[in-house]
């Protein structure tokens, strides 16, 4: 499989008062197209900083990042904005939906910035809602949807541009346990269809839905492993005897 993400010796530090916080130190990773990877670690481990760099929302102080074989540091602000809109589908813990817009209009929002006309936007947004089994709620506003349904709208919005990567930041953080399993099953289905998924989480059981786990601690990669015990819904796992 071709490489979709390659970082070499990434470092990112922040100045907080008189202190320098080293959020990332010498991080080198390589992710293939079609992989399902979790960045895992406790608060302050550097996983969110790494996600922000991978998502072209932040820049490293040192090191290099290549996305789809393009050096990100060489891109202009306009090019970065286009990458964020077309290459990366973002799913956030807090959903980040427009409260007064329908599910259809929320999903279609990236297509507005991409320059599609209204009829094409609606057609593509409806197809994305169908892919997350929410087409029958297309006209509902976020406050008329459950937490799980709102997250499905957010996932449909992330999918609508057919991005290279789906980047999910704590996607189950605001959901109850059963709904969390529903959402993780949806991500598994998306991965089965060939989507590249990178998920950020501090929860061990959620990380184990991914097929590879990269654990960070104190800005360093603690380990990087293929997950040989992929989680499934609890009811799908036979009871021990």
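The values are calculated or read from the model by the stated rules, or taken from the named source; none is laboratory data. Note that the coordinates shown come from a computational prediction; the quantities given were computed from them, not determined experimentally. As a convention, Cβ positions derive from the backbone with ideal geometry for all residues, glycine included, and neighbour counts pool all protein chains shown.
Miscellaneous remarks
- Some residue of region 159-171 being free of Cβ contacts under 8 Å to residues at least 40 places away in the same chain and over 21 Å from residue 47 (Cα atoms): yes
- Residue match in region 30-41 (condition: surrounded by 17 or more Cβ atoms within 10 Å (Cβ to Cβ) and over 22 Å from residue 197 (Cβ atoms)): no
- Qualifying residue in region 93-112 (condition: over 27 Å from residue 182 (Cβ atoms), more than 16 Å from the chain's Cα centre (by Cα) and at pLDDT below 95): yes
- Selected residue (only one of 166, 155 is surrounded by fewer than 23 Cβ atoms within 10 Å (Cβ to Cβ), within 21 Å of residue 104 (Cα to Cα) and under 13 Å from the mean Cα position of the chain (by Cα)): 166
- For residue 52, the test of being farther than 21 Å from residue 225 by Cα, without any contact (Cβ under 8 Å) to a residue 12 or more places away in the chain and out of contact with any helix residue (DSSP H, G or I) (no Cβ under 7 Å at 6 or more places or on another chain) is passed.
- A search for C-beta distances below 9 Å between a residue of region 20-44 that is without any contact (Cβ under 8 Å) to a residue 12 or more places away in the chain and any residue that is surrounded by fewer than 20 Cβ atoms within 10 Å (Cβ to Cβ) and part of a strand (DSSP E or B), counting only pairs 6+ apart in sequence or on different chains, returns 20/13; 20/14; 21/13; 21/14; 21/15.
Matching residues to (1) touching a residue at least 60 places away in the same chain (Cβ under 8 Å); (2) surrounded by 15 or more Cβ atoms within 10 Å (Cβ to Cβ); (3) touching a helix residue (DSSP H, G or I) at 6+ places or on another chain (Cβ under 7 Å); (4) under 23 Å from residue 51 (Cβ atoms):
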| position | (1), (2), (3), (4) |
| --- | --- |
| 69 | yes, no, no, yes |
| 84 | no, yes, no, yes |
| 87 | yes, yes, no, yes |
| 103 | no, yes, yes, no |
| 115 | no, no, no, no |
| 127 | no, no, no, no |
| 131 | no, yes, yes, no |
